[in-house]
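Taking it in order: structure first as structure tokens, then the write-up.
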Amino acid sequence: MNQRERVPYGGREKWRVVLAEDNDDHALLIEMALRNASAVPVELTRASNGDEAIEVIQRVRPDLVLLDLRMPGRDGHEVLTAVKSDDALRAIPVAVLTSSDRDDDIEQSYGLGGNHFLTKPDNPVELENRLRALLKNVGEMRGIRRGATGLEASARSAAGPSSLQWKRSMPWIAVAGVVIALVIFAATQGLFS
């Protein structure tokens, strides 16, 4: 699939998406990128605060929720907890789409039952690419009935490992680097002869 190809939705005629985003400019950019990423029409319902998001999700029962963390009223984590604690809503895939890339926000989002975590990029084309990758995974996420129980992540952003994974790997990478340097030094000094 080439970079600009659109993602269909398993034979469905449209995507039903709830976007919980309080920033009008961000909401417009996300909507445009989402429509460009999808091969079928997108029926987008927007909520501009956490309480409204819960009400809209209950009413619409969307195929996907795109959830910002920083909103007035209930924040994104509180909305995520409400959705994943409700047996009727739990199967709805929730992708956190936020400006935050803090490790604790990522861990908390997955721990509360979030299915995906995306950091909003500055580049609209990159946002479209990330949403395209997300749409490809939604069919798989739909069948996962994760609740707010601290389970492991069911999907990750195509952007690569989180900074938390790198932080956990850094001591081993440093040790490996020192060992390699010592072996090279010993070999150049003729210590293996």
Is it true that V79 is closer than 17 Å to L131 by Cα and either in contact with a strand residue (DSSP E or B) (Cβ under 7 Å, 6 or more places away or on another chain) or buried (at least 19 other Cβ atoms within 10 Å of the Cβ) (or both)? no
Applying the selection to segment 83-105, what residues are open to solvent by 30 Å² or more (accessible area, probe 1.4 Å) and of a type in the set (G, A, S)? S85, A88, S99
Within segment 106-127, can you find the residues that are open to solvent by 10 Å² or more (accessible area, probe 1.4 Å) and touching a residue at least 24 places away in the same chain (Cβ under 8 Å)? I106, E107, Q108, Y110, G111, L112, F117, T119, K120, P124, L127
How about segment 35-54: which of its residues are open to solvent by less than 50 Å² (accessible area, probe 1.4 Å) and farther than 17 Å from I92 by Cβ? A37, S38, V40, S48, N49
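The values are calculated or read from the model by the stated rules, or taken from the named source; none is laboratory data. As the structure is a prediction and not an experimental result, all values here were calculated from the model. For neighbour counting, all protein chains shown are included, and Cβ atoms are generated from backbone atoms with ideal geometry for every residue, glycine included. SASA here: full protein model, heavy atoms, side chains in, ligands and nucleic acids out. Shrake-Rupley method; radii C 1.70, N 1.55, O 1.52, S 1.80 Å.
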